[in-house]
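Everything on this sheet refers to the single structure shown next.
The values are calculated or read from the model by the stated rules, or taken from the named source; none is laboratory data. Source: prediction; values computed, not measured. Quick reminder, even Gly has a Cβ in these numbers, built from the backbone with ideal geometry, and neighbours come from all protein chains shown. Accessible surface areas use protein heavy atoms only, side chains included; no ligands, DNA or RNA. Shrake-Rupley method; radii C 1.70, N 1.55, O 1.52, S 1.80 Å.
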Amino acid sequence: METRPLTSRALTSTMDTLRPYLSESTVLDAFAGHGCFGIQCAIEGAKKVIFIENDRRTLKDLQKAAKHGS
């Protein structure tokens with residue numbers, strides 16, 4: 001399955017909106033793909049991030065990236 005990451009513009013706009021609330025929030029990254037949204041939320045200080053991904057290969061890649069801090 002091919003994943004399409006969130007565009008830089010969409011990610012920036014979304015983070016600008018969510019940033020004031022992240023430190024107290026649990027974030028759900030549904031249809032995570034490679035996890036750029038959830039990872040960015042974690043970097044910005046989200047209390048907890050939950051990733052949901054249906055494709056097993058993509059999920060394994062996401063798990064590897066999370067273990068290595070990418």
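Please identify the pairs in which a residue from the stretch 29-43 that is under 15 Å from Arg4 (Cα atoms) has its Cβ atom under 6 Å from the Cβ atom of a residue that is open to solvent by less than 50 Å² (accessible area, probe 1.4 Å) and among the aromatic types (Phe, Trp, Tyr), counting only partners at least 6 apart or on another chain.
Pairs found: Asp29/Phe37.
How many residues, within the stretch 1-15, are in contact with a His (Cβ under 9 Å, 6 or more places away or on another chain) and open to solvent by 70 Å² or more (accessible area, probe 1.4 Å)?
So the count comes out to 1.
Where the second residue is in a helix (DSSP H, G or I) and open to solvent by 70 Å² or more (accessible area, probe 1.4 Å) and the first is of a type outside the set (D, E, K, R) and modelled with pLDDT of 90 or more and lies in the stretch 44-70, which pairs have Cβ atoms under 7 Å and are six or more apart or on separate chains?
Sorted first by the residue in the stretch 44-70, then by its partner, the pairs are Gly45/Ser23.
Those residues that are modelled with pLDDT under 95, surrounded by fewer than 18 Cβ atoms within 10 Å (Cβ to Cβ) and outside any helix (DSSP H, G or I), I need them from the stretch 16-33; list them, please.
Ala30, Phe31
Take the residues in the stretch 42-57 that are assigned to a helix (DSSP H, G or I) and within 18 Å of His68 (Cβ to Cβ); name whichever of them is most open to solvent (accessible area, probe 1.4 Å).
My answer is Arg57.
Six or more apart or on different chains, Cβ atoms under 7 Å: show the pairs whose first residue is in the stretch 8-27 and without any contact (Cβ under 8 Å) to a residue 24 or more places away in the chain and whose second is part of a helix (DSSP H, G or I).
Close Cβ pairs (under 7 Å, with a partner that is part of a helix (DSSP H, G or I)) amount to Val27/Gly38; Val27/Cys41.
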